[in-house]
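Q: Next up is a structure, given as structure tokens.
The values are calculated or read from the model by the stated rules, or taken from the named source; none is laboratory data. None of these values were measured; they are calculated from a predicted model. All Cβ positions, even for glycine, are placed from backbone atoms using ideal geometry, and neighbour counts span all protein chains on display. Remember, those area values only see protein heavy atoms, side chains included, never the ligands or the DNA or RNA. Shrake-Rupley method; radii C 1.70, N 1.55, O 1.52, S 1.80 Å.
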Amino acid sequence: MSYRLINFQQSEVWTAYVRNAVNYDFYHTWHYHSLEKKAEPFLFVYEESDVFIALPLLKREIENSGLYDLTSVYGYSGPISNRKFADINDQILENFKHFFLNFINTGRYICVFSRLNPFIDQKVLIEKIGGIYNNGKTVYIDLSISIEEQRIGYEKRMGRQIRQLRRMPYIIKESKTRDEVKLFAAMYNENMIRLKAEKSYFFNEDYFVELIKEDNCKLILIYDGIKMICGAIVMCCGGIIRNHLSATDVDYVNQSPSKLLTDEISIIGRKLGMKYFHLGGGLGGREDSLFKFKSSFSNLFLEDSTWRFVSDTFVYNDLVKERKNDLDMNYFPLYRCPEMATK
């Protein structure tokens with residue numbers, strides 16, 4: 001029994017572990033982690049007998065402290081294995097815990113954050129370590145039913161609006177051209193400015209270009225004549241299709257072409273043999289307007305969870321106090337809360 005760290009340069013080894021997992025998502029892949037520029041990606045791998053457990057993480061330095069913390073890429077990641085976690089011997093799970101905590105302590109890592117994947121039974125493992133946090137509900141559509149049955153399940157007003165949008169002379173297409181990626185990137189970042197999003201939600205043109213180089217990622221666009229009015233980067237992996245990042249032209253927000261796009265993605269998912277269309281949840285797990293929009297397409301929900309593990313509570317609290325943050329705020333790790341810059 002042992003553990004090893006697969007670094008960013010070991011792309012083939014990283015890819016082999018992911019592909020040999022029983023269940024994995026695009027968010028676990030080396031390609032997706034290769035787009036991360038603000039932290040150091042690595043794959044923690046524990047192996048015992050013929051079982052491996054792999055956990056992709058990002059290493060971040062905590063400014064002016066000599067300490068580090070660990071986080072995950074944007075999306076649904078968490079641990080994966082070549083066995084279902086429920087089928088792994090309990091002693092192996094305990095051994096993973098032992099070696100992982102040893103790695104945390106010797107590496108001066110104060111805490112770990114990871115968004116868990118609702119389609120993988122990761123809690124069986126994470127519960128051994130602790131720190132699971134309920135982040136509300138996440139919405140999905142079952143693509144095994146017919147599109148007609150799916151649409152019957154739409155909220156009535158939503159269904160009516162989509163039928164009206166279908167009658168519009170819009171053009172829906174997939175694209176990989178640099179010019180269209182550039183237009184989409186500009187539209188997306190304009191949306192983020194309008195929504196006053198955090199800096200982490202902004203991406204440059206090259207990010208989108210590199211992302212859709214993978215066959216599992218597609219740029220789906222809607223045009224009104226020659227004008228791009230809506231689009232999304234769609235991810236397909238492990239039987240699941242997702243709208244990863246999307247945007248609507250400011251002049252068309254009131255027409256809501258994103259509703260048509262969501263309906264269209266469910267059709268694309270079926271054509272690609274996907275089992276589920278994961279729409280996600282509200283911002284920060286809240287049942288807000290975003291959650292209401294998504295749940296108007298489906299009444300199927302999964303529990304959305306994050307992993308928030310603190311290895312050294314005293315040091316963690318000291319870091320929070322140094323940055324003058326309130327301990328009861330719903331942000332993790334709290335000392336990295338964006339609001340601290342305004343205090």
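Q: Listed residues Leu327, Leu334; which is modelled with pLDDT under 95 and surrounded by 15 or more Cβ atoms within 10 Å (Cβ to Cβ)?
A: Leu334
Q: Same structure again: Of everything in segment 160-186 that's assigned to a helix (DSSP H, G or I) and open to solvent by less than 10 Å² (accessible area, probe 1.4 Å), which residue is farthest from Val234 (Cα to Cα)? Full working, then the answer.
A: To start, the set of residues in segment 160-186 that are assigned to a helix (DSSP H, G or I) comprises 160-166, 178-186.
Okay, now just the ones that are also open to solvent by less than 10 Å² (accessible area, probe 1.4 Å), so 162, 181, 184-185.
Working: Ile162: 20, Val181: 13, Phe184: 13, Ala185: 14 Å.
The qualifying residue farthest from Val234 (Cα to Cα) is Ile162.
Q: Within segment 77-90, does at least one residue satisfy the condition of being exposed (fewer than 14 other Cβ atoms within 10 Å of the Cβ) and either within 30 Å of Phe203 (Cβ to Cβ) or touching a strand residue (DSSP E or B) at 6+ places or on another chain (Cβ under 6 Å) (or both)?
A: no
Q: While we're on this one: In segment 22-53, which residue that is closer than 22 Å to Leu211 by Cβ and of a type in the set (A, V, I, L, M) is least open to solvent (accessible area, probe 1.4 Å)?
A: So, considering only residues that are closer than 22 Å to Leu211 by Cβ and of a type in the set (A, V, I, L, M), the one least open to solvent (accessible area, probe 1.4 Å) is Leu43.
Q: Within segment 84-95, track down each residue that is closer than 17 Å to Asn23 by Cβ and part of a helix (DSSP H, G or I).
A: Phe85, Ala86, Asp87, Leu93
Q: Of all residues in segment 107-117, count the ones that are part of a loop (DSSP other than H, G, I, E, B) and open to solvent by 30 Å² or more (accessible area, probe 1.4 Å).
A: Initial filter on segment 107-117 (part of a loop (DSSP other than H, G, I, E, B)): 107-108, 117.
Add one more test, that the residue is open to solvent by 30 Å² or more (accessible area, probe 1.4 Å), and what stays is 108.
Final tally of qualifying residues: 1.
Q: Name every residue in segment 138-159 that is under 20 Å from the mean Cα position of the chain (by Cα) and either loosely packed, with under 15 Cβ neighbours inside 10 Å or at pLDDT below 95 (or both), in order of residue number.
A: Asp142
Q: Here's something else I'd like to know. Is there any pair linking a residue in segment 191-209 that is under 24 Å from Asp179 (Cα atoms) to one that is among the polar types (S, T, N, Q), with Cβ under 6 Å and at least six apart or on different chains, and which?
A: Phe202/Asn189
Q: Looking at Gly284, Gly269 in this structure, which one is outside any strand (DSSP E or B) and either at pLDDT 90 or above or surrounded by 20 or more Cβ atoms within 10 Å (Cβ to Cβ) (or both)? Before you say what the answer is, go through the steps one by one.
A: Numbers: Gly284 fails: either at pLDDT 90 or above or surrounded by 20 or more Cβ atoms within 10 Å (Cβ to Cβ) (or both).
After ruling out the rest, the residue left standing is Gly269.
Q: Answer with yes or no whether Thr262 is among the hydroxyl-bearing types (Ser, Thr, Tyr), over 25 Å from Ser72 (Cβ atoms) and more than 17 Å from the chain's Cα centre (by Cα).
A: yes
Q: Residue by residue through segment 243-255, note down the ones that are in contact (Cβ under 8 Å) with a residue 40 or more places away in the chain and either assigned to a strand (DSSP E or B) or open to solvent by 30 Å² or more (accessible area, probe 1.4 Å) (or both).
A: Once the filter is applied, which keeps residues that are in contact (Cβ under 8 Å) with a residue 40 or more places away in the chain and either assigned to a strand (DSSP E or B) or open to solvent by 30 Å² or more (accessible area, probe 1.4 Å) (or both), segment 243-255 yields His244, Leu245, Ser246, Ala247, Thr248, Val250, Gln255.
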